[in-house]
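Colleague: This is the structure, below, for whatever I ask next.
The values are calculated or read from the model by the stated rules, or taken from the named source; none is laboratory data. Keep in mind that this is a model prediction, so the values were computed, not measured. Cβ sites come from the backbone with ideal geometry, for glycine too, and all protein chains shown count toward neighbours. These area figures cover heavy atoms from the full protein model, side chains too; ligands, DNA and RNA do not enter into them. Shrake-Rupley method; radii C 1.70, N 1.55, O 1.52, S 1.80 Å.
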Amino acid sequence: MVVLVALLLPALMALGSIVIAVGNWFVHARHLQTKVDAAALAGGGVWGFPCGPDIDANIEAQARRYVGPHTAADGTTRATPFNPQVGGVGADRIYVALNQATWWSGSFAAADFTSPSGSVCQSKVLDVKATERDAPLLWSWLPFFPDIKRKARVQIEEVEGLTGLLPIAVRVPQPLSAAAVFYDEASATKEILDVRPFRQICTVGEPTCIFGAPPGLGHWTTEPKTGSTDTWAQFSVRAKTGLVVATSVRPSCAVGSPPCLDTSPATWKGKSIDDYCRQAGDAVQCYDADGAGSAQLVRSGVHLIAGYENVSVAAGPNVPQVRDAWLENVSCAANGYFNSMPTSCRVKLNVRVDIGSCLRGPGECFDDPSQTPAKETRKASPDPLEHNVQVRYCLARSGQTGSVCDGQFSEAQELACTGGPGVVTCSSQAGTHPLIQRESRENAFAIEVRLRRTEVTGFPECRADGDFKDTCRFFYTGNGYAGDSVLPTAEQILAAPLHRSFMGGIDRTGPLKWLRLTVDTDCVMDTLQDRIVGQDPLSGKDAASQPRGQERCYIVEMGMAGGLARDQDEPPIALNLGTGSSQRAVIDCDPSIPNLKEEIQLGCQSPSYAANKFDTTPVCPGTAGFFNLPKPEPFANWPPFRCVLTQTTANPEQIIQGFNLRLFGRQNNPKCPADLPRSDPSFTWGRNYWHRANNANNDEITFAWDADTPDRSDDWGNEIADLDPRLVTLFFTSYRSFDSPGNEVYPIIGFGNFYITGYGTTQNGSWQGGAPDDPCTDGNSSGITGAGNLPPPDLDYSRNTTWVWGHFVKDVKPNPFSTSTSGILCNPEASFQPCVAVLVE
């Protein structure tokens with residue numbers, strides 16, 4: 001027995017040593033895993049869009065802080081009081097690689113942030129690999145010295161379901177896909193001439209922006225991406241070519257599954273524009289169309305390309321002919337052709353008229369025979385004795401009928417003309433510029449030309465040497481000469497405008513705010529000399545006025561409101577929370593919360609909500625028993641709920657009190673809290689941290705600095721605190737939501753984070769109480785539209801309603817919290833959907 005014990009004892013001791021050592025390795029490995037998990041989640045929790053050096057630095061700093069003491073890839077030792085390794089293992093034996101392909105193995109194979117390379121914020125991935133060198137053994141004679149390796153990987157993904165949202169829904173402010181559709185407005189079938197998809201630019205991924213576009217808009221273009229096989233839209237110019245902008249809350253069919261927006265020219269050329277707009281059910285909305293979904297009926301394009309005959313009027317007693325017409329901006333927010341604003345504005349009307357060339361001589365035309373030598377008689381001149389052509393306009397708007405030109409074609413509509421003989425150029429002047437009324441849709445033009453002291457076959461009164469007479473006048477629409485004795489009707493002018501200005505509105509054209517055409521006149525894309533961008537004041541050429549029947553190539557540039565904020569100086573976006581349709585609705589989102597005030601204060605706690613997949617018929621249930629569970633098919637898998645129920649009333653007092661309680665904890669007459677000293681980096685509950693002008697002491701937790709502020713080069717990116725109560729999440733619904741004042745149910749398109757910078761109620765053209773209800777006015781004196789609680793410059797004060805305004809942002813640690821993740825990598829450039837840091841490895 002003694003011999004047996006003597007033989008077994010070393011083996012048992014060795015086995016015990018192995019068991020204890022392996023157990024010790026396991027404890028170290030578990031601690032190391034906890035450290036890398038904490039590092040990845042800590043880094044993932046400080047993501048913010050737009051990305052910038054500050055965001056990248058903060059992600060790295062948080063990851064290194066929570067991984068504990070370690071050695072970095074650059075060889076430096078990082079000390080931190082958090083998460084020391086078990087057993088007293090120091091930083092000199094813990095090696096941490098961030099976004100590297102391999103672990104430390106005697107040395108680092110590469111620098112940090114090389115796999116994926118570049119900005120960790122933009123890659124939406126944080127990979128933490130940690131190695132503990134020479135894990136300690138219980139008995140030092142055991143001949144194994146292992147390196148323990150553990151990793152964690154956080155991915156920034158879009159959320160699937162949410163709770164805690166604000167009870168506010170807005171029509172989706174930015175589409176997932178969009179297309180420019182050119183069609184023949186004069187065709188009985190509304191024939192499509194070409195289709196081209198829009199793509200979004202002016203993003204982190206593609207920083208090139210549209211020159212001349214107003215600030216604060218999302219930038220979209222149909223210009224093909226460099227290296228792409230796509231082309232410009234190409235077609236033969238018709239007399240009346242309309243541009244329709246089709247937007248969709250679903251992706252294009254090129255990258256997504258049905259229902260989707262089909263932007264293939266081969267599929268749609270020659271088809272009807274109405275059919276195009278009715279594809280994909282409620283997921284597509286066209287501008288400008290009446291109705292929604294499969295009931296849409298296109299009224300007109302939101303931009304017109306007018307085609308004109310390019311011939312000359314022969315010398316002799318002939319009737320004049322219009323050769324061109326174009327519009328310029330005078331006081332509108334966008335341009336002369338398309339606007340969407342809450343006030344009226346003016347544009348400048350220009351026309352070129354070939355009045356002919358009448359030389360004095362028998363049988364040709366009338367002239368003063370005493371004049372020698374012979375001179376041309378048809379021309380416009382400052383000298384009233386030589387001036388013998390007069391041009392005036394008539395304006396017809398959507399919905400008008402009959403003789404709208406009665407009272408027009410008068411001195412108030414007279415254009416100033418120069419030139420001749422032959423072609424004269426006529427333009428409206430200060431005091432005669434046409435007024436484009438708010439929400440008027442089509443504003444179509446016709447002109448009247450009157451002559452004197454000349455001869456026109458069949459019009460003997462044209463020989464008169466006195467005032468211009470109605471017995472020598474000629475009317476013109478887009479169809480050319482339209483008669484001389486009977487005034488053109490509104491229907492005739494709208495059907496064939498000489499040119500047209502379109503005025504939309506928040507209910508009519510939604511997020512569409514700015515459009516510009518660029519034409520290449522010879523469709524050879526290797527030169528710039530044949531291109532016209534919008535209206536060229538130097539050459540007088542215009543992309544929207546081209547010779548009829550000529551082949552032309554076009555791109556469209558578009559600005560859409562509701563884009564994600566990129567700069568704290570951008571004008572805020574207003575949401576109408578009052579009565580009447582607008583791009584808003586107050587919804588009933590939590591049946592257990594008794595009133596709207598508390599829903600705003602607390603957020604909607606139950607049920608959870610998610611985006612609609614548009615895969616059921618009907619898409620949403622009815623209003624009766626909306627919150628009842630369980631639900632029948634096809635909604636048996638709810639929650640999360642994928643539709644919202646509107647509230648029948650929106651009490652302004654409840655709305656204001658709800659925001660007062662949410663932001664300041666006080667129902668009435670709240671005060672804005674003071675700015676904290678710089679030594680305190682936290683935020684004060686309710687204070688407005690959007691703009692640096694609001695927070696002179698603590699400006700380190702605001703939104704992105706200006707790109708043109710070099711002394712702030714260390715302050716980039718969205719640094720707004722996740723728990724800031726002004727950072728809310730809204731519901732997005734389909735385009736034609738909230739047209740009825742009663743209870744309605746609408747599909748959820750998605751969600752969007754919104755930072756509130758102000759709220760208040762307008763009454764009879766001004767603020768109720770004399771000022772907005774949000775008390776945080778710090779920054780107002782700066783005069784910057786994005787600072788303080790200053791409202792948007794285009795706010796419609798004529799509406800008696802309650803407003804909240806601010807900026808759409810991309811939050812990564814959602815407040816409210818997500819109930820599940822989608823598996824879709826966060827895409828701040830193409831989607832508003834809030835995101836969350838997900839531990840995927």
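Colleague: Once you put a point 7 Å from the Cα of Ala79 and another 7 Å from the Cα of Glu551, both along the Cβ direction, what distance in nm separates them?
Modeller: That separation, rounded to one decimal, is 7.5 nm.
Colleague: Would you check the accessible area of Lys151, probe 1.4 Å, heavy atoms only, in square angstrom rounded to 10?
Modeller: Estimated to the nearest 10 Å², Lys151 gives 50 Å².
Colleague: Over all directions, the average projected area of the alpha-carbon convex hull for segment 744-803 comes to how many nm²?
Modeller: Projected over every direction and averaged, the Cα hull of segment 744-803 covers 5.8 nm².
Colleague: May I ask you to give the percent of accessible area on segment 176-238 that is carbon plus sulfur, with a probe radius of 1.4 Å? Please list the in-between numbers first.
Modeller: Working: 1480 of 2700 Å².
Exposed carbon and sulfur together represent 55 percent of the surface.
Colleague: Over segment 433-475, consider all pairs of different Cα atoms and compute the Kirkwood hydrodynamic radius from their mean reciprocal separation; express it in Å, one decimal.
Modeller: Numbers: mean 1/r = 0.0799 Å⁻¹.
In segment 433-475 this quantity evaluates to 12.5 Å.
Colleague: Grab the beta carbon distance between Ala57 and Thr648, set R0 = 41 Å, and tell me the FRET efficiency rounded to 0.05.
Modeller: Working: r = 50 Å, r/R0 = 1.21.
The value I calculate is 0.25.
Colleague: Using 0.36 nm per residue of separation minus the Cα-Cα distance, give me the extension gain between Gln768 and Arg30 in nm, one decimal. Write down the numbers at each step before the final one.
Modeller: Details: separation 738, 0.36 × 738 = 265.68 nm, distance 6.15 nm.
Here the segment from Gln768 to Arg30 would lengthen by 259.5 nm.
Colleague: Quick check: from the Cα gyration tensor, does segment 159-304 come out rounded (a/c under 1.5), prolate or oblate?
Modeller: Numbers: a/c = 1.71, a/b = 1.26, b/c = 1.36.
It is oblate, given that a/c is not under 1.5 and a/b is not larger than b/c.
Colleague: Taking the structure as given and computing Cα Rg over 2.2 N^0.38 Å, which label from [x] 1.73; [y] 1.12; [z] 1.20 fits?
Modeller: [z]
Colleague: Also: With the full set of protein chains in place, find how many percent of the accessible area of segment 483-593 is carbon and sulfur; take the probe as 1.4 Å. Intermediate results must be reported in sequence, preceding the final value.
Modeller: Values: 1960 of 3760 Å².
Taking all protein chains in place, segment 483-593 shows 52 percent carbon and sulfur surface.
Colleague: I want to check the label-to-label distance for Ser117 and Thr229. Put each point 7 Å from Cα in the C-beta direction and report it in nm to one decimal.
Modeller: Rounded to a tenth, the inter-label distance reads 2.8 nm.
Colleague: What is the distance, in nm, between label points placed 7 Å from the Cα along the Cα-to-Cβ direction at Ala109 and at Gln605?
Modeller: Spacing of the two 7 Å Cα→Cβ label points: 5.1 nm.
Colleague: Here's another thing I want to ask about it. For Asp92 and Thr343, FRET efficiency with R0 = 60 Å and r from the beta-carbon atoms, rounded to 0.05?
Modeller: Working: r = 69 Å, r/R0 = 1.14.
It comes to 0.30.
Colleague: Would you please calculate the Kirkwood hydrodynamic radius of segment 530-622 over all C-alpha pairs and express it in Å, rounded to one decimal? Kindly include the intermediate steps, with their values, before the conclusion.
Modeller: Values: mean 1/r = 0.0510 Å⁻¹.
About 19.6 Å, per the Kirkwood formula over Cα pairs.
Colleague: What is the gain in length, in nm to one decimal, between Thr623 and Asn479 on full extension, counting 0.36 nm per residue of separation less the C-alpha to C-alpha distance? Don't skip to the answer; put the middle values down first.
Modeller: Numbers: separation 144, 0.36 × 144 = 51.84 nm, distance 5.05 nm.
Result: 46.8 nm gained on full extension.
Colleague: At R0 = 60 Å, how high is the FRET efficiency between Asp794 and Ala314 if r is their beta carbon distance? Nearest 0.05 is fine.
Modeller: Details: r = 50 Å, r/R0 = 0.84.
In this case the efficiency is close to 0.75.
Colleague: What is the percent of Cα-Cα separations in segment 499-556 that go past 17 Å? Kindly include the intermediate steps, with their values, before the conclusion.
Modeller: On the way: 803 of 1653 pairs.
Beyond 17 Å sits 49 percent of the P(r) for segment 499-556.
Colleague: Sticking with this structure for a sec: For the chain, what is the accessible area per residue in Å², given a 1.4 Å probe and the full set of protein chains? Write out the running numbers ahead of the final one.
Modeller: Values: 33390 Å² over 841 residues.
Using a 1.4 Å probe on heavy atoms only, each residue of the chain averages 40 Å².
Colleague: If each residue of separation counts as 0.36 nm, what is the full-extension length gain between Val3 and Ser592 once their alpha-carbon separation is subtracted? Don't skip to the end; give the middle numbers.
Modeller: Numbers: separation 589, 0.36 × 589 = 212.04 nm, distance 7.94 nm.
Stretched out fully, the Val3 to Ser592 stretch lengthens by 204.1 nm.
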